[in-house]
Every structure is written in C-alpha cells, then in structure tokens.
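*Asks:* Please find one structure pasted underneath; my questions will follow.
The values are calculated or read from the model by the stated rules, or taken from the named source; none is laboratory data. Given the structure is predicted, the values throughout are model-derived calculations rather than measurements. Here the Cβ positions follow ideal geometry from the backbone for every residue, glycine too, while neighbour counts run over all protein chains shown.
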Amino acid sequence: MSVFKYEARDRFGKAVAGVLDAPEVGIARIRLGEMGYIPVRVEEGKVREKGLSISFLKQKVTDKDIIVFNRQLATLFSAGIPLLSGIQGLAEQMQNKTFKGILVKVAAEIQTGASFSDALAKHPKVFSGLYINMIKAGEASGTLDNILERLASLAEHAAETKAKIKAATRYPKIVVSAMLIAILILMKFVVPNFMSIFTQVDLELPLATRMLITANHIFTNYWYVLFGGTGCLFFAFKAYTKTYRGRRQLDLIKLKVPVFGPIFLKIAMSVFTRTMSTLNRSGLSILENLKICSEVVENIPISEVIVDLREGVQRGESVAATMKKSSFFTPMVIQMMSAGEESGELDNMLVKVSEYYDMEVDYSIKNIASLIEPILLAFLGAAVLFLMLAIFLPMWDLVKLAERGG
C-alpha cells in the first residue's frame, strides 16, 4: 500500500488537498471520485516511517482535538448527516494537519467498505482501544451519536483532572527548581571562594565543611562525570520502566508515595468506574467491559486487580464479592457496588462511585500544597543549616585564631 498526495476540487469547486492510501495511482483517483472529489493532481508521496525520521516535528493530535471531533461528529450524525460526509466535512475544516490526514484516511477506508471502528483501529496511536471498542458497540446498537458524546465526556474529565494536578504541583516544582539552581550557583561561584581561604589555614575543619569541600571538588573537577552518569542513569531508568516488570514496580511505587500515592489510586479508580459505567450503557458484556477497563487504567497493579475481578465474574462471583479481596477498594465503595448489583442499577451506582472518587480527588488536589509545604520547608531548612554550619563554623574558628594571634 502506497501513500498518495492529492490536490482536488469538491462538488462546490473548493480546493482540497491531503493524502490517502492506495495500491496504485489509478485506484487513488477512483477513491477520490468516490469521496466526491475531482482529482487535479495525484502523486506518490514519500513514506518517512523508515530510517531517520522527523516525526517529532509533526503536529501532535491532542485530547482537545479528539474531544472537539467527537462533539462535532455526534452533532452532525444526530442531525441526519451521513457518517462519511460528516467525517469528510470535519477533515476539510480540521486545522491540525496530522489529524486531518488521519481523518482523510479513515474516510477513504469507510468509502471502500470498512466499518468506522475498523478504520479507526488502523490508527492506534491516536484512537485507544477503549475508543475503538465503544465505537464498535455504538455501530452495533445504533447509538453512535450517544457513544461519541460519552467518549467526549470521558476525555474532558481526564483532561480536567490532569489540569488540576498540574496546577496543584506548579508551586512545589518552582520551589524545588529554584532551590537546585541556587545550590548550583553557590557551588560554582560562592563556595570556592570560602574553600580557598579554609585550605590556606592550618585549621581542623568541621565535618560539614569537609563534606562541602569534597562536594565542591567533585563538582568542579568531575562535573562531566556527574552529568554523564546522571544521563546514563536516566536512560537506563527509562529503558527499565518500558519493560513489564519495571513498569509494574514504578506503578506500585506511585501508589505508595506519601501525599501523591492516594491521589493516584483515587484517579485510577475514578477512571475505572466511570469507564465501566459508560461501557455498560453501550451494550457490551460485563466480561468485555472489564477486559477493556484493565487496558484503559494506566497502572499495572490496579489493572491486575481488574483482571481478578473479571476472573471472579467468570467463576460466577459478584463484582462486590471479588472487590473485597483487594485492598484498593474501600468498604463504602464495595457496599455501593453490592447495592447496585442487587438492585439492578449497577450503571447508576458506578457513576455515583466515580463521583465519590472525583470528590476525593478534588479535595486531595486542593490540599496538596498544604501537605507538601512542611516537607519542602524541612528540606530547605536542612540545606540552609548545612551550608551555614559548613561555612560559618570555620569562620568563627578563624576569628578565634586571629584573636589569639593578636
């Protein structure tokens, strides 16, 4: 399959351009005609997936792009506009060139007889497994417009949570960055001046001063080793966390980190319950829903718990009964799930559980600053105390030595 660049005119005479996949140029022209375009120029483009790539320069498809696309397509579809025409129209007005190219390819696939979900499945970097499975359920049940609205709501909720966390952690990040910059400046310009004085005097230096002299010597003479070693450790860490074992250990540490661990857990549980509720309303089976949820939750230990839930349901156990075996679920959540199963209102109860977790997350995020401030102050105080002891203790000894000499 080759990639062809094209320039064409639509039925109103408006100029359009884009790319599409086709075996040969003749098929590409036929597909353009089927899409309602009059080809002006069609030529084979260069594929850049192999060798050195500049894909990092391409415009990324953001969550906002997906949300807007879902909302607009749902509106068009519910208004009676055919799916293919809706996608083609949105592709024409899409400002994100990367997303525009993907939508053109999706439209071309639908034009050749593929389903919407199958066409989306060819772009896994943009459309997640949750997205594709829900679209498939919407196609089967005839509720594609509702599914698109629910997907947009899920994406908006996830984006809002990320924005709240970024806003709450902005202050600690600024403080830590400023502290590191201050330490580097001190080690480069201030400490060497004091060290040159101390080394010229026959004086027994305190432990803190000796430690500072050693640190300054290493920083001054072996800075390249420090930076190189830090870089190697960083890349080794990234490589290790790409493995299943490394990722699992990192995810487990995230859940146990003070202050942030409980927030990560509540966010993951909110995503699980909200997604589960949305999938249940889409008409999929509970086993299929749990399988999709285990892939959506971006934390391996919690994903393993959801897999255990699925296995418990396969054995004939209730979801609430299986939840009791895990320490991740609170007794109140288990009780709510049990009530939902008994009353047949599991979807509504899942929404309430998700709202409960959202409320807990909002409260925790608002209190992040007040929880971190004491830790930052203690760390800053310890650093300042160490520098004062390392610099001023020898200064006092020098003053005493000068008084004796006088």
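*Asks:* Using the structure shown, decide if T214 is β-branched (V, I, T), farther than 30 Å from R31 by Cα and buried (at least 17 other Cβ atoms within 10 Å of the Cβ). Before the answer, list the steps.
*Replies:* Working: β-branched (V, I, T): yes; farther than 30 Å from R31 by Cα: yes; buried (at least 17 other Cβ atoms within 10 Å of the Cβ): no.
No.
*Asks:* Please verify whether segment 100-116 includes one or more residues that are closer than 26 Å to S285 by Cα and either part of a helix (DSSP H, G or I) or assigned by TED's automatic domain parsing to the domain that holds S282 (or both). If you could, list the steps in order and put the result at the bottom.
*Replies:* Going residue by residue through segment 100-116, those that are closer than 26 Å to S285 by Cα are 114-116.
From the residues that got through so far, the ones that are either part of a helix (DSSP H, G or I) or assigned by TED's automatic domain parsing to the domain that holds S282 (or both) too are 116.
For segment 100-116, residues closer than 26 Å to S285 by Cα and either part of a helix (DSSP H, G or I) or assigned by TED's automatic domain parsing to the domain that holds S282 (or both): present.
*Asks:* Here is a further query. Which of the numbered conditions does V191 fail, given that it passes all the others? Conditions: (1) closer than 30 Å to T278 by Cα; (2) surrounded by 11 or more Cβ atoms within 10 Å (Cβ to Cβ).
*Replies:* Here V191 meets the rest and fails (1).
*Asks:* Further, regarding this structure: I need a count of the residues in segment 210-267 that are part of a loop (DSSP other than H, G, I, E, B) and over 24 Å from the mean Cα position of the chain (by Cα). Quick ask: steps written out before the conclusion?
*Replies:* Filtering segment 210-267 down to residues part of a loop (DSSP other than H, G, I, E, B) leaves 222, 242-243, 257-259.
Subsequent filtering for residues that are over 24 Å from the mean Cα position of the chain (by Cα) retains 222.
Residues meeting the conditions: 1.
*Asks:* Here is a follow-up. Among (1) in contact with a Pro (Cβ under 7 Å, 6 or more places away or on another chain); (2) surrounded by 16 or more Cβ atoms within 10 Å (Cβ to Cβ), there is one condition I292 misses while meeting the rest; what is its number?
*Replies:* In the conditions (1) in contact with a Pro (Cβ under 7 Å, 6 or more places away or on another chain); (2) surrounded by 16 or more Cβ atoms within 10 Å (Cβ to Cβ), I292 misses (1) alone.
*Asks:* Give me the residue from segment 264-285 that is of a type in the set (D, E, K, R) and in contact with an Asp or Glu (Cβ under 6 Å, 6 or more places away or on another chain) and, out of that set, nearest to Q314 (Cα to Cα).
*Replies:* Kept after step one, since they are of a type in the set (D, E, K, R), are these residues of segment 264-285: 266, 274, 281.
Now restrict to residues that are in contact with an Asp or Glu (Cβ under 6 Å, 6 or more places away or on another chain): 266, 281.
On the way: K266: 26, R281: 20 Å.
Of everything passing the filter in segment 264-285, R281 is nearest to Q314 (Cα to Cα).
*Asks:* Return a yes/no flag: does segment 133-155 have any residue that is surrounded by fewer than 18 Cβ atoms within 10 Å (Cβ to Cβ) and not in a helix (DSSP H, G or I).
*Replies:* Yes, there is a match, as at least one residue in segment 133-155 is surrounded by fewer than 18 Cβ atoms within 10 Å (Cβ to Cβ) and not in a helix (DSSP H, G or I).
*Asks:* Out of all the residues in segment 221-244, is one or more surrounded by 18 or more Cβ atoms within 10 Å (Cβ to Cβ) and either within 30 Å of V399 (Cα to Cα) or modelled with pLDDT under 90 (or both)?
*Replies:* No, segment 221-244 has no match at all.
*Asks:* I've got another one for you. Could you run through segment 241-259 and say how many residues are without any contact (Cβ under 8 Å) to a residue 24 or more places away in the chain and of a type in the set (F, W, Y)?
*Replies:* Qualifying residue count for the region: 0.
*Asks:* Could you please find all residues in segment 51-69 being under 18 Å from K105 (Cβ atoms) and at pLDDT 80 or above?
*Replies:* Start the filter on segment 51-69 by keeping residues that are under 18 Å from K105 (Cβ atoms), which leaves 55, 58-61, 65-66, 69.
Correct list: K60, V61, D65, I66, F69.
*Asks:* Taking the options A114, A108, name whichever one is among the small types (G, A, S), over 21 Å from T62 (Cβ atoms) and surrounded by 21 or more Cβ atoms within 10 Å (Cβ to Cβ).
*Replies:* Checking each option against the conditions leaves just A108.
*Asks:* Applying the selection to segment 3-28, what residues are touching a Phe, Trp or Tyr at 6+ places or on another chain (Cβ under 8 Å), closer than 16 Å to K97 by Cβ and of a type in the set (G, A, S)?
*Replies:* Result: A17, G18.
*Asks:* What pairs come up if the first residue lies in segment 271-289 and is crowded, with 20+ Cβ neighbours inside 10 Å, the second is assigned to a loop (DSSP other than H, G, I, E, B), and their beta carbons are under 7 Å apart, counting only those six or more places apart or on different chains?
*Replies:* Pairs that qualify, where the first residue is crowded, with 20+ Cβ neighbours inside 10 Å and the partner is assigned to a loop (DSSP other than H, G, I, E, B), are V271/V297; F272/V297.
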